[in-house]
């Protein structure tokens, strides 16, 4: 229905009363961003307040949002809206209050800055009206279904359809009894075929990845033995570069042993990919010496198994509770990183931002966010921006898919040249690195415990 018509509805016949008594002043309008869940406006309750009517308009666009509140809640008159606000949006708030049978009006305009900071552009009292016959604005009462407002987004998804800013493109809350195998595929192969690689084999065994009570668990498990017999993954192996090496370990090789650790890595390459957007992952990272989480995006031109693939790392923190670089920098699990890893000319280049915390990121859940735009990548944890990247974006000019996993070691994750001598129980490039690691398991395996899993509450991707 039209705003002009709504004013004539019997619900608001009292609005026709004159408002000459100015003894009552409408309290300040409180505003709160709920981010992907929308926003909230409210005013505190005062004795004599009977009803409150909100009209909310974003960037002078129609339809406007409207809410009619008949009673206060916990001392406030609150309107919650599911529409997400974007950076530089202008929100006009008009509120009508019935106070002791008289009607009072107040209007304000808010501007969203950096999706978090709020400023008042215009504090003058004014109604949201239109000249007769010009631009009548339709409005809808909450909680009725609201008409969607579409600002075209730069995001590109697998279907190549047009997206709207703030639109939810992908979500998994892991609410089903099992992992959705139509969405997620397992990477199944061993990672030790390069001497400097990671000391782990990824598998799809239920003990290494499972869903329980709405959480995805990815669990690294120490192998019971590493020297007896050969290691063969058979037809289950997903390797694409070196199947003979990644799917098998021959018996009797001097420097080769079976994988000392089994873990899991899953991805959405075949089900969902996107270019530009906002990914939010609520997770508890793994805690334990030499563990390393993968919460990242990878270009669709590669496979999850591809060696040295370019990566957009949404977030990572090393599993060690205590670890310093040879420059005395804290690089333990209290140090969060996010950014890009690329491989021009076969050499790793890292574009990273970081944030040091007092607590290990494996102690509790956090929201890890990456906003990927054409000209910038923004990194956030728990809605706090800790870094912005402008270089290296040209390496990511195609859609990317999501990867979650927990690995162990790795020459890039735990660089020998960065660590002090003899800190690690192995050297990355030594021929028997995996065996050295395994033989010193009494020094690292006890640090894993029940916190060594990566636990993911949800993942959501929004258009930008």
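Could you tell me which numbered condition residue 208 fails, if it satisfies all but one of (1) surrounded by 16 or more Cβ atoms within 10 Å (Cβ to Cβ); (2) out of contact with any strand residue (DSSP E or B) (no Cβ under 6 Å at 6 or more places or on another chain); (3) under 27 Å from residue 446 (Cα atoms)?
Of everything listed in (1) surrounded by 16 or more Cβ atoms within 10 Å (Cβ to Cβ); (2) out of contact with any strand residue (DSSP E or B) (no Cβ under 6 Å at 6 or more places or on another chain); (3) under 27 Å from residue 446 (Cα atoms), residue 208 misses just condition (2).
Yes/no matrix, rows are residues, columns are (1) in contact (Cβ under 8 Å) with a residue 24 or more places away in the chain; (2) not in a loop (DSSP other than H, G, I, E, B):
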{"residue": "318", "(1), (2)": "yes, no"}
{"residue": "328", "(1), (2)": "no, no"}
{"residue": "339", "(1), (2)": "yes, yes"}
{"residue": "354", "(1), (2)": "yes, yes"}
{"residue": "371", "(1), (2)": "yes, yes"}
{"residue": "379", "(1), (2)": "yes, yes"}
{"residue": "385", "(1), (2)": "yes, yes"}
{"residue": "406", "(1), (2)": "yes, yes"}
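Give, as residue ranges, the strands (runs of 3 or more DSSP E) completely inside the stretch 93-196 that count at least 1 residues that are in contact with a strand residue (DSSP E or B) (Cβ under 8 Å, 6 or more places away or on another chain), modelled with pLDDT under 70 and buried (at least 19 other Cβ atoms within 10 Å of the Cβ). Spell out how you get there, then give the answer.
Numbers: elements: 102-113, 117-122, 139-141, 168-172.
Per the criteria, 139-141.
Give me a count of the residues in the stretch 197-228 that are in a strand (DSSP E or B) and either in contact (Cβ under 8 Å) with a residue 24 or more places away in the chain or in contact with a helix residue (DSSP H, G or I) (Cβ under 8 Å, 6 or more places away or on another chain) (or both). Break it down into steps so the answer makes sense when it comes.
Just the residues of the stretch 197-228 that are in a strand (DSSP E or B), to begin with: 198, 201-202, 209-212, 215-218, 221-222.
Of the ones still in play, those that are also either in contact (Cβ under 8 Å) with a residue 24 or more places away in the chain or in contact with a helix residue (DSSP H, G or I) (Cβ under 8 Å, 6 or more places away or on another chain) (or both) are 198, 201-202, 209-211, 215-218, 221-222.
Counting residues in the stretch 197-228 that are in a strand (DSSP E or B) and either in contact (Cβ under 8 Å) with a residue 24 or more places away in the chain or in contact with a helix residue (DSSP H, G or I) (Cβ under 8 Å, 6 or more places away or on another chain) (or both) gives 12.
The values are calculated or read from the model by the stated rules, or taken from the named source; none is laboratory data. Computed from a predicted structure; not experimentally measured. Every residue, glycine as well, gets a Cβ built from its backbone with ideal geometry; the counts of neighbours run over all protein chains shown.
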